Amino acid sequence: MIGLQVGAVSFVDEGTGQVLDILQERGAVNTVFLTTFTYGRGLGGRQIPGQPFPDHGKQESDEKTFHGGNYATPHSGFYGQTVLKQTRAPDHGDLDIVATVLPAAKQRGLKLFCSIEDVFRSDVPGVREVAEVDLQGRRTGALCLFHPDVRAFWAGLATDLCRSYDIDGILFFNERNGPLLNALGASHAQNIASSRVTCFCEFHEKAAREKGIGFERAREGYRKLDQFVQAALADQRPSDGYFVEFWRLLVEYPEIIAWDRLFDEGKHRVLAEIKDAVKAVRQDLQVGFHIEHVNSFNPIFRATRRYDELAGKADFLKVVVYNNCGGERYAHFINNVGSTVFRDVPREELLRFNNHLLNYDQEAGLKDLATAGLSPDYVARETKRALEGVRGKCRVLPGIDIGIPTGRTSRKASAQDTYAATKAALASGADGVIFSRKYSEMPLANLAAAGKAVRELRG
Ligand SMILES: [Zn+2]
């Protein structure tokens, strides 16, 4: 499977037939991952504001017109059990992107998957009622995955798309992290948000009670963690040092870990429910999950993700191995954890130590990491780790970075870089690749280089 992620706006701007021709001819693509549901700009919309446009599509920012939502037609019968009923994306009038692209894709022999992503906005009707509650008792703009209406929404959306359109399956994206990672900013683009961790709503309280986890103890633990983080950022070193103080918190408040795990359970239950919903429509429809970048460079997060367990919930895993933007993202992670838990460790040493834990080899030092990016060898290693991890229980499709936006001084991949990354994934035994994040960011030369690698390795 050679897939590519593309949003509605590209078909509107460039024409359905023309985009599909480019994907096939330049990228050797045989599967379209059509962004059907998201309120986020990572998968939807044109190039993100402030970044240079690629050499195709409208050269004009959609910052003011981008809204997001469901770019297909929501059929009301599937949303009876949820308050999230009004999600139709208004960006392109009455356009139904799945109904538009599907016949043209079929005519060309392309498969089509609907990509759906858990990114919402707080002004969508119903969101306020089903949003998470943070440590201070405030509603956030993100959905609580324990709320029955939220679970009913995802199952309803997956069922709607699979019943209403003759598609090949669903790819589900949920990059949200639990409270421990959020408190430490231990992901790729996160700020340290220790006072805003979630979720302390009534449904979480109920789930915790059923598992014998103390709700108040969890809240107290996260308050102490917040104090630890804020003191670290203010350079107030605990007498026993940062790491010891952090570890002591985990020992004294095991509820910190338990609450983080509870988030994962909610997230993974939604994955399982989406799979069940899709398979209930037709057994041969395929379900894939996007496995976020933090899984690659945060060893604590890695410990919470068993590939073989995830493999049981999906037909394929899209494992993010974005190497070009990976440099600045990894540096960001090291700087964040180096500001709190590992504040006593010189940053360069922390990076080298972490490289050993992750089985990274020969990557750039911290100072040069953003400008160097991660290597094709990183792509190969992470592909092999995933293939070993799933133990043949599902397919592994590495997500390949083509033009994912980076900071002004950070590395921009050349066509040769994209060729090398694609080749590294396929030569490592991957079952295919998915070009990411979205066509509206991709320079055509890089797409063609990726296609060249596919043709050389697949004949
Ligand atoms: Zn909740």
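The values are calculated or read from the model by the stated rules, or taken from the named source; none is laboratory data. Because the structure is predicted, anything quoted here is derived from the model rather than measured. We place every Cβ from the backbone using ideal geometry, glycine too, and count neighbours over all the protein chains shown. For the accessible areas, the whole protein counts, side chains as well, though only heavy atoms, and no ligand, DNA or RNA atoms are used. Shrake-Rupley method; radii C 1.70, N 1.55, O 1.52, S 1.80 Å.
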Would you pick out the residues in the stretch 166-176 that are within 16 Å of the ligand (Cβ to nearest atom) and either outside any loop (DSSP other than H, G, I, E, B) or open to solvent by 10 Å² or more (accessible area, probe 1.4 Å) (or both)? Arg176
Members of the stretch 148-161 that are buried (at least 23 other Cβ atoms within 10 Å of the Cβ) and not small (Gly, Ala, Ser): Val150, Phe153, Trp154, Leu157, Asp160, Leu161
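Yes or no, residue by residue, for (1) of a type in the set (A, V, I, L, M); (2) within 24 Å of Leu285 (Cα to Cα); (3) crowded, with 24+ Cβ neighbours inside 10 Å:
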residue	(1), (2), (3)
Met1	yes, yes, no
Val9	yes, no, yes
Glu14	no, no, no
Gly17	no, no, no
Leu20	yes, yes, no
Val29	yes, yes, yes
Leu34	yes, yes, yes
Pro49	no, no, no
Output yes when any residue across the stretch 242-250 is open to solvent by 30 Å² or more (accessible area, probe 1.4 Å) and among the aromatic types (Phe, Trp, Tyr), and no when none is. yes
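Looking only at the stretch 389-402, filter to residues that are out of contact with any strand residue (DSSP E or B) (no Cβ under 9 Å at 6 or more places or on another chain) and touching a residue at least 60 places away in the same chain (Cβ under 8 Å); which one of those is farthest from Gly429 (Cα to Cα)?
Start the filter on the stretch 389-402 by keeping residues that are out of contact with any strand residue (DSSP E or B) (no Cβ under 9 Å at 6 or more places or on another chain), which leaves 391-393.
Still in the running and touching a residue at least 60 places away in the same chain (Cβ under 8 Å): 391, 393.
Details: Arg391: 13, Lys393: 15 Å.
Within the stretch 389-402, the match that is farthest from Gly429 (Cα to Cα) is Lys393.
Considering the stretch 410-420 alone, what residues qualify as being open to solvent by 20 Å² or more (accessible area, probe 1.4 Å) and either farther than 17 Å from His188 by Cα or among the small types (Gly, Ala, Ser) (or both)? I'd like the intermediate steps shown before the answer.
Within the stretch 410-420, the first condition is being open to solvent by 20 Å² or more (accessible area, probe 1.4 Å), and the residues that meet it are 411-417, 419-420.
Passing the criteria: Lys412, Ala413, Ser414, Ala415, Gln416, Asp417, Tyr419, Ala420.
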Residue list for the stretch 437-459, filter: open to solvent by less than 10 Å² (accessible area, probe 1.4 Å) and not in a helix (DSSP H, G or I): Lys438, Met442
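Going by the conditions given, is Ala424 in a helix (DSSP H, G or I), surrounded by fewer than 22 Cβ atoms within 10 Å (Cβ to Cβ) and in contact with a Pro (Cβ under 7 Å, 6 or more places away or on another chain)? Working first, answer last.
Details: in a helix (DSSP H, G or I): yes; surrounded by fewer than 22 Cβ atoms within 10 Å (Cβ to Cβ): no; in contact with a Pro (Cβ under 7 Å, 6 or more places away or on another chain): yes.
No: the conditions fail for Ala424.
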Check off (1) modelled with pLDDT of 95 or more; (2) within 15 Å of the ligand (Cβ to nearest atom); (3) open to solvent by 30 Å² or more (accessible area, probe 1.4 Å); (4) of a type in the set (Lys, Arg) for Lys267 and give me the number that stays unchecked. (3)
Is one or more of the residues making up the stretch 27-37 under 22 Å from the mean Cα position of the chain (by Cα), of a type in the set (Phe, Trp, Tyr) and within 17 Å of Ile434 (Cα to Cα)? yes
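Could you pull out the residue among Asp96, Asp91, Asp55, Asp62 that is charged (D, E, K, R) and surrounded by fewer than 17 Cβ atoms within 10 Å (Cβ to Cβ)?
Asp55
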Unique match (being in a loop (DSSP other than H, G, I, E, B), among the hydrophobic types (A, V, I, L, M, F, W, C) and open to solvent by less than 10 Å² (accessible area, probe 1.4 Å)) among Ile404, Ile400, Ile434: Ile404
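Hey, any hits in the stretch 32-43 for a residue that's without any contact (Cβ under 8 Å) to a residue 40 or more places away in the chain and in a loop (DSSP other than H, G, I, E, B)?
Applying the first criterion (without any contact (Cβ under 8 Å) to a residue 40 or more places away in the chain) to the stretch 32-43 yields 41.
Next cut, in a loop (DSSP other than H, G, I, E, B) only: 41.
So far as the stretch 32-43 goes, yes, one or more of its residues are without any contact (Cβ under 8 Å) to a residue 40 or more places away in the chain and in a loop (DSSP other than H, G, I, E, B).
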Residue list for the stretch 70-83, restricted to those being surrounded by fewer than 19 Cβ atoms within 10 Å (Cβ to Cβ) and either within 23 Å of the chain's Cα centre (by Cα) or assigned to a loop (DSSP other than H, G, I, E, B) (or both): Thr73, His75, Gly80, Gln81, Val83
Residues in the stretch 392-404: is at least one touching a helix residue (DSSP H, G or I) at 6+ places or on another chain (Cβ under 8 Å), at pLDDT 95 or above and of a type in the set (D, E, K, R)? yes
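Which one is surrounded by the fewest Cβ atoms within 10 Å (Cβ to Cβ), of the residues in the stretch 180-234 that are acidic (Asp, Glu) and away from the ligand (no atom under 16 Å from the Cβ)? Step through it out loud before you land on a result.
Residues of the stretch 180-234 that are acidic (Asp, Glu), as a first pass: 202, 205, 210, 216, 220, 226.
From the residues that got through so far, the ones that are away from the ligand (no atom under 16 Å from the Cβ) too are 220, 226.
Values: Glu220: 15, Asp226: 18.
Among residues in the stretch 180-234 that are acidic (Asp, Glu) and away from the ligand (no atom under 16 Å from the Cβ), the one surrounded by the fewest Cβ atoms within 10 Å (Cβ to Cβ) is Glu220.
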Some residue of the stretch 224-231 being within 30 Å of Arg163 (Cβ to Cβ) and in contact with a Ser or Thr (Cβ under 7 Å, 6 or more places away or on another chain): no
